[in-house]
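The numbers here are math on the coordinates, done by the rules we state, and not lab data. Quick caveat: nothing in here was measured; it's all calculated off a predicted structure. Counting neighbours? That spans all protein chains shown, and the Cβs are built from the backbone with ideal geometry, glycine included.
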C-alpha cells in the first residue's frame, strides 16, 4: 500500500509554545503539523491543561472539563489538519490512567470538520466520526445532525482505570471503519465531510489518559481504479453464515498504469448482511475508490425433523378433539448447519391422510398414526382412540 506514514509520537520531539497552541509538538515534519486545542462547552485553562509529553514519547492528557453531548462538544484535542480529499488511517493505544464511566465522559480518536480555538469555551459543534470510550462503553459514534452511537463492541472490557484500548479510524472516501482491540464497525456518513479535517486523539469531561504508538498513515498517491477478482471467492451463503473473503483478489490501479495487490488489511468491506435470502451487495473500500460485489444469500433447506417431545395427550375417546399441546419438533437444516424448534406452520399434521386442524374430531376407535410432514421428510407418532363401550364404562366410574 503506497502511503506516507507520520509517527505522531516519537522519542525525540520539539515543544512549540504559542498563544493558541501552547503544547504543539513536531513528529518529523514542521512545527505546524500537530497542535493542541482545548475548546467548547465546559472547558477552561484549569480544567483542560496542555498535555504532558512523557520521556518515552507517549502523551498524557489530564482533563476535568468538556463534554460529548448530542448537540455540542468540549474537548482537549491533539490534532493534525488534513484535507477532506485525503484517505488515511489513524491509530493509537489509549491507556486509562484514571477514568470512571459517567454521562458525557469520553476519550479516543476523532476525525472532525471543525475545531475551536484553544481557550474558547463557547458552544462548539462539528460533524465528526469517533471511536473510544463514551459514557460506560467502548464503541464508534458520529455526529451529523445529532449524536449517533454505533453498537457497543461486545467483547471489549468497559472503560475503567487500568484498561488499555488499541484504537483506529480508517477513512476511504466518505466511509469510515472504526476499530477497538480488533473489533470493527463501519459507517458511511449521510453527507460528505468537506474542506479541512482535524484528526487526532481527545479527552472530554473527565479522565487521565495516556496515548502511545500513535501513527497517521496517509495515502500518498491517487488511485484510478480497483480491480476485484472473485473467481476463487465464496459468493453464495446460507442465511446467518459469516462472510469469507479468503479467495478474493483486490488490486489497486494507479494513474501511471501500475498495479499493486492489496492485502485484506489494506481495504475494508461494508454491506454484508446474510440475515435474509436474496441478493446482497458487498462494497470494497480503498483509497476513496469503491467496488461492489453481488452475493447470493440462500434460504435454509430442512434436512430432517426430530420429535423432541410428544404431545401430553395420546389417548382419546370417539368425539374428542385432537390436542397437539406439548408436541415439540426440532428441524435440522442443511445437514446440521443449524437446529431450531419448528413452529406449527412449518409442518403439517395428518391422520388417515387428512390434514389435522385445531378442531379435528376423532371418530374411529383404534390406534392411529399421526404423520408430521415437512417438504419430503415424514415423522410419526401414535395415538389410541378407545372403543365407545370402554368410554361409557369409564365415565360411569
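Rounded to the nearest 0.05, what FRET efficiency do residue 215 and residue 309 give with R0 = 56 Å and r taken as the Cβ-Cβ distance? Could you check?
Once rounded, the FRET efficiency stands at 0.45.
Evaluate the Debye formula for segment 302-396 with equal point scatterers sitting on the alpha carbons, no solvent, and hand back log10 of I(q)/I(0) at q = 0.10, 0.16, 0.19 Å⁻¹, in q order, two decimals.
-0.30, -0.68, -0.88
Over the alpha carbons of segment 3-219, what is the largest minus smallest coordinate on each principal axis, giving the biggest first in Å?
Principal axes ranked by extent give 39, 37, 32 Å for the Cα atoms.
Given N residues in segment 28-96, what is its alpha carbon radius of gyration divided by 2.2 N^0.38 Å?
1.25
To make sure I understand, if each residue's beta carbon is the centre and we count other beta carbons within 10 Å, what order do 283, 367 fall in, fewest to most?
Result, fewest neighbours first: 367, 283.
How would you rank 373-381, 70-78, 177-185, highest first, on the average number of other Cβ atoms within 10 Å across their residues?
Per-residue Cβ counts within 10 Å, averaged per peptide and sorted highest first, yield 70-78, 177-185, 373-381.
Among 235, 279, which comes first, then next, by fewest other beta-carbon atoms within 10 Å?
Listing 235, 279 from fewest to most nearby Cβ atoms yields 279, 235.
Quick one: P(r) of segment 102-205 from all Cα-Cα pairs, 5 Å bins, percents rounded to integers, in order of increasing distance.
2, 12, 24, 26, 18, 12, 5, 1
By its C-alpha gyration tensor, with a ≥ b ≥ c as the square roots of the eigenvalues, how is segment 284-357 shaped: rounded for a/c under 1.5, else prolate for a/b larger than b/c, else oblate?
prolate
Hey, in the GNM for the chain with a 10 angstrom Cα cutoff, which one of 163, 222, 232 fluctuates hardest?
232
Applying 1/(1 + (r/R0)^6) with R0 = 51 Å to the Cβ-Cβ distance of residue 52 and residue 292, what FRET efficiency is obtained, to the nearest 0.05?
0.60
What FRET efficiency, computed as 1/(1 + (r/R0)^6) with R0 = 45 Å and r the Cβ-Cβ distance, is obtained for residue 364 and residue 230, rounded to the nearest 0.05?
0.15
Work out how much length residue 102 to residue 246 would gain on full extension: take 0.36 nm times their residue separation and subtract the Cα-Cα distance, in nm to one decimal.
Contour length minus Cα-Cα distance gives 47.7 nm.
Over the Cα atoms of segment 351-390, what is the Rg over Rh ratio if Rh follows Kirkwood?
1.02
Please give the Cα centre distance for segment 207-276 versus segment 113-177, rounded to the nearest Å.
For segment 207-276 versus segment 113-177, the Cα centre distance is 23 Å.
Given labels modelled 7 Å from the Cα in the Cβ direction, how far is it in nm from residue 44 to residue 299?
With each label placed 7 Å out from Cα toward Cβ, I get 6.6 nm.
Taking the Cα centre of each part, how many Å lie between segment 308-360 and segment 28-99?
With segment 308-360 and segment 28-99 each reduced to a Cα centre, they are spaced 63 Å.
Exposure proxy check: 228, 330, 111 ranked by fewest other beta carbons within 10 Å?
Taking fewest neighbouring Cβ atoms as first place, the list is 330, 228, 111.
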